[in-house]
Amino acid sequence: MSVALDPRDLRQDSTLRLLHCREPQRWDEAVQCLGGHLLQGWNWGAFKGRHGWRAERLLLSAGERPVAAAQVLFRRLGPFSAGYVPRGPLVADPDHRVLASLTLGLDRVARRERALLTLIEPENSQLDWSTLGQLGWRDSRAIIQPRRTIKLSLDASDEQLLAAMKPKTRYNIRLAARRGVTVRQGDASDLPAFYSLLRETGERQSFGIHDYAYFADLLGTFGERGALLLGEYEGQLAAGALVVRAFGEGIYLYGASNTELQKHMAAHLVQFEAMRWSRDAGCQRYDLWGIPSEEDLPKVDEGQIGRDVRGAMLGVYTFKQGFGGEVVSYPRMLERIYAGPLVRLARRLGWGAW
């Protein structure tokens, strides 16, 4: 059951009602109505709750109509915590009273969780930034999710999807098929092989990965809304992708490839099959999840880049850009600090990405 917050703590317009939402279906219906993202969905909060976070879900309604929502994830920092609203809050009507009521609700749960600060990560710029500034929100230097991604429309046939790609990417997809690469949807028994490939890719491209249990739980949490797509060449695992569906989007979360088999272009075919899997399940968009910011890309020709971090970034960017679509840049992250000296100390000690 959803639990109403004490209105005396909110000092809000009497036409608005702020709830702690405890009902998964009601929450996801509100997120869908507000145009929300995977990271604001109930399942994501439940999943992260088993990996070091605790989720609180605030729902602001005008009558029966949701006007704002914020799934806040709290992470412990010793005796304190930090609050984080990934790809949110979601706001339909960003006027002062709505943003003030939501802010007061966030403050209340932050106090209860002994949070040093709360970070919000809006997905678009429809929020009123001047009003947020008046309410005490400030620019944050923190970066948690990628600041840019590429999204493409799935309202297309296979041939239309291919036609929207860059010629080299389209050629590589067809080359993989000609060479006999096949793609199948794996299950939990395939996860060890994918995880091994993911570790190899992480070492090659200089990024860290979660432990095995994290990926096993991710697949289990999303069930048929998640897919482990595996590209195989002559019986060997050549590439793989972990994709989930949420709120009309297919989202490419993790990918891996075999260094020795990269010349067979299995990763390109796997990505194309992930788009088809998402589209055939009713998704309207496909999110390639993250690309480097312009300032992180090397300012030299691709052929001059060695196998370092910036070279890997360029490789990721080139690979994803080849599938077409539109580059989407997210607004800056904002923060609300409750204990300035402790936040400065936590940042000096490197506690999290705050």
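The values are calculated or read from the model by the stated rules, or taken from the named source; none is laboratory data. Being a predicted model, the structure only gives us computed values, none of them experimental. With ideal geometry, Cβ positions are generated from the backbone for all residues, glycine too; neighbour counts draw on all protein chains shown. Protein only, heavy atoms only, side chains kept; ligands, DNA and RNA dropped before computing areas. Shrake-Rupley method; radii C 1.70, N 1.55, O 1.52, S 1.80 Å.
Obtain the nm distance between the two label points defined at Arg347 and Lys263 by a simple spin-label model: each point lies 7 Å from its Cα along the Cα-to-C-beta direction.
It is 4.9 nm.
Ignoring ligands, DNA and RNA, please state the percent of accessible area on segment 14-103 from carbon and sulfur, probe 1.4 Å.
Looking at segment 14-103 in its full context, I get 50 percent from C and S.
Hey, if you put +1 on the Cβ of every Lys and Arg and -1 on every Asp and Glu Cβ in segment 162-228, which of Gly208, Leu175, Leu218 ends up farthest toward the positive end of that dipole?
The residue sitting most towards the positive pole is Leu175.
Determine the principal axes of the Cα atoms in the chain, then give the extent along each, sorted from largest to smallest and rounded to whole angstroms.
Largest to smallest, the principal-axis extents are 68, 44, 37 Å.
Which whole-number value in Å² is the accessible area per residue of the chain, probe 1.4 Å? Can you show the working numbers first?
On the way: 16380 Å² over 354 residues.
For the chain, the per-residue accessible area is 46 Å².
Where the eigenvalues come from the Cα gyration tensor of segment 42-145, what are the semi-axes √(5λ) of the equivalent ellipsoid, largest first, in whole Å?
Working: eigenvalues 94, 51, 34 Å².
Calculated on Cα positions only, the semi-axes equal 22, 16, 13 Å.
Is there a quick way to get the dipole size of the chain? I mean about its Cα centre, with the Cβ of Lys and Arg at +1 and of Asp and Glu at -1; what is the value in debye to the nearest 20?
Details: 47 positive and 41 negative charges, 178 e Å.
For this selection, approximately 860 debye.
Can you tell which of Ala227, Ala156, Ala266 shows the greatest fluctuation in a Gaussian network model of the chain with Cα springs below 10 Å?
Of Ala227, Ala156, Ala266, the most mobile in the Gaussian network model is Ala156.
Percent relative contact order of the chain, based on C-alpha pairs within less than 8 angstrom and at least six residues apart?
Working: 643 pairs, mean separation 69.4, N = 354.
So the answer I get is 20 percent.
Among Leu229, Val244, Gln262, pick out the residue whose Cα is farthest towards the positive end of the charge dipole of segment 218-265, where Lys and Arg carry +1 and Asp and Glu carry -1 on C-beta, about the Cα centre.
Going by the Cα projections, it comes out as Val244.
Kindly flag which residue pairs out of Lys168/Lys320; Lys48/Lys151; Lys151/Lys263 have an alpha-carbon separation exceeding 18 Å in this structure.
Numbers: Lys168/Lys320 12 Å; Lys48/Lys151 24 Å; Lys151/Lys263 26 Å.
From Lys168/Lys320; Lys48/Lys151; Lys151/Lys263, over 18 Å: Lys48/Lys151; Lys151/Lys263.
What do the square roots of 5 times the Cα gyration tensor eigenvalues come to for segment 52-99, in whole Å, largest first, as semi-axes of the equivalent ellipsoid?
Values: eigenvalues 132, 20, 14 Å².
For segment 52-99, the semi-axes come out at 26, 10, 8 Å.
Can you give the percent of C-alpha pairs in segment 133-204 whose distance is more than 20 Å? Present the calculation step by step, with values, prior to reporting the outcome.
Details: 1704 of 2556 pairs.
Result for the distance tail: 67 percent.
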